[in-house]
1. With the contact rule set at Cα under 8 Å and sequence spacing of 6 or more, what percent relative contact order holds for the chain?
2. Give me the net charge of Lys61's neighbourhood, meaning all other residues with Cβ under 14 Å from the Cβ of Lys61; Lys, Arg count +1, Asp, Glu -1.
3. Contour minus end-to-end for Glu34 and Asn67, with contour as 0.36 nm per residue of separation and end-to-end as the Cα-Cα distance?
4. Out of Asn21, Ile71, Leu49, whose Cα points farthest toward the positive end of the dipole of the chain (charges: +1 Lys, Arg; -1 Asp, Glu; placed on Cβ)?
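Rule-based calculations on the coordinates, nothing more; no lab input. For clarity, every value in this text was computed on a predicted model and none was experimentally measured. Ideal geometry is used to build each Cβ from the backbone, glycine not excepted, and the neighbour counts take in all protein chains shown.
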Amino acid sequence: MIKDNATLQFSDEAHLINQQNVFQLQSKGDCLREQQHYKQARFCYEISLKINPNDEHQNNKREFLINQISIL
């Protein structure tokens, strides 16, 4: 959990430096997904897709989360 919190903090700091950093958004989304914060993770993936709409891998992650959220 400490590692995950450090990852989230690092991602937030990176976002302040460069709001178009797709890698940062993907990393934060992955970390939130692992913590089962599905709605927040989906939000990160959606922002990432607005920056890079052709990223099929991120789109697949977002679709997976939509399915996870609908199950809950």
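1. Once normalised by length, the contact order is 24 percent.
2. Taking every other residue near Lys61 into account, the sum is -1.
3. Contour length minus the Cα-Cα distance gives 10.4 nm.
4. In the chain, that residue is Ile71.
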